[in-house]
Amino acid sequence: GNYQYIKVSKVGSRSNVGLIQLNRPKALNALCNPLLKEVAQAMTAFGKDSSVGAIVLTGNEKAFAAGADIKEMEDKTYASWMTSNMHQDLDCVAKVRKPVIAAVNGFALGGGCEMAMMCDIIYAGEKSRFGQPEILLGIIPGAGGTQRLIRSVGKSKAMEMVLTGNQITAQEAEKMGLVSKLFPVEKVLEESIKLGEKIASNSQIANMVAKECCNAAYETTLKEGLHLEKRMFHATFATKDQKEGMAAFVEKRKANFTNE
Ligand code: HXC
């Protein structure tokens, strides 16, 4: 595609990791409508591209994203929100079935923090900052900030962030489990791509099934989630990749998954 607000490429030694870089540096990657439209388009395309086994979403060293575009939102009305597709576009980040890694440096605020939380794993730089500052604008988070954050870090920490708008440091974010690992600023993207390559070497089917089941833990009851997991576990035995994975173990060699 011909993108204005993002850069898209395939990276890794086997070119099997899809990379989406938000590229609106002058506005700290504020998530304006056209930018989100492009992210949705790129996510959907990587979702369909059978050569892509994992996706990395990143910004630049100063900002992952400083939130939805406040200048664009200022004059918005109920009617204009209801007739806009912004949420559908943003939701593409959560809905893509392949694993998505957020590689965060700098600010991940408001919609930026929410977008990172839509990803499956967050790797972050030692100087990154996370926050839900919407309350300071007289609004509330609108893309998961009151929902995914609670499930991720628990009620007390999440509500402190949502009700004060305070930013937390990368170290705090890692300690509370929002972030999986911290790295020096210049290493975050490289390490995220490495993680993407490792994940992309699995069976894509197993990855998608694992993701679907993990998401069920967020979205359903424990009883339903355990039931889904058990049935999907059984289902993996209908794949050639299960036979290959187990044969490779028995024969003491590396598995060669074919996504069948
Ligand atoms: C529009 C933004 C922006 C944003 C930064 N900019 N954040 N523009 N929307 N969210 C622009 C600034 O206007 C400025 O452009 C340029 O980026 C650099 O920003 P500065 O403020 O000069 O940088 P700095 O002093 O380093 O401060 C960084 C900052 C601050 C702390 C991140 O920019 C900030 O507080 N931004 C807003 C964060 C926020 O409230 N996010 C939540 C938005 S609501 P100009 O051209 O003016 O110099 C939201 C709702 C989600 O996200 C709902 C989901 C659907």
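Numbers at a glance
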{"read-out": "Mean Cβ count within 10 Å, highest first, over the residues of peptides 157-165, 13-21, 105-113", "value": "105-113, 13-21, 157-165"}
{"read-out": "R14/E212 FRET efficiency (R0 25 Å; Cβ-Cβ; nearest 0.05)", "value": "0.55"}
{"read-out": "Computed label-point distance, nm, for sites E61 and T164 using a 7 Å Cα→Cβ extension", "value": "2.9 nm"}
{"read-out": "Efficiency of FRET between E126 and A255 - r from beta-carbon atoms, R0 41 angstrom, step 0.05", "value": "0.70"}
{"read-out": "Angle between the chain longest axis and helix 188-200 axis [Cα atoms, degrees, rounded to 10]", "value": "40 degrees"}
{"read-out": "Principal axis box of segment 113-260, alpha-carbon based, largest edge first, Å", "value": "58, 40, 21"}
{"read-out": "Spatial separation of Cα centroids for segment 220-258 and segment 17-42, in angstrom", "value": "35 Å"}
{"read-out": "Mean Cβ count within 10 Å, highest first, over the residues of peptides 208-219, 75-86", "value": "208-219, 75-86"}
{"read-out": "Gyration tensor verdict on segment 59-133 (Cα atoms; rounded if a/c is under 1.5, prolate if a/b is larger than b/c, oblate otherwise)", "value": "oblate"}
{"read-out": "H87-K230 pseudo-label distance in nm [points 7 Å out on the Cα-to-Cβ vector]", "value": "3.5 nm"}
{"read-out": "Degrees between helix 33-48 axis and first principal axis of the chain (Cα, 0 to 90, nearest 10)", "value": "0 degrees"}
{"read-out": "Rg over Rh, two decimals, the chain (C-alpha only, Kirkwood Rh)", "value": "0.98"}
{"read-out": "Cross-link reach list, aspartates and glutamates versus K37, counting only Cα pairs under 17 Å and skipping chain neighbours closer than eight places", "value": "D69, E72, D89, D91, E114"}
{"read-out": "Shape of segment 1-130, Cα gyration tensor, a/c cut at 1.5", "value": "oblate"}
{"read-out": "Zone residues, segment 141-168, relative to Y78, backbone N less than 18 Å from point 7 Å out along Cα-to-Cβ", "value": "142"}
{"read-out": "Subset of K181/K223; K223/K243; K198/K230; K62/K127 violating a 21 Å alpha-carbon distance limit", "value": "K181/K223; K223/K243; K198/K230"}
{"read-out": "Label point distance in nm, I135-K71, each placed 7 Å from Cα along Cα→Cβ", "value": "2.8 nm"}
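Read-outs: derived from the displayed coordinates by stated rules, not from any lab. Since we're looking at a predicted model, the values are computed, not measured. Cβ coordinates were reconstructed from backbone atoms using ideal geometry, including for glycine residues, and neighbour counts include every protein chain displayed.
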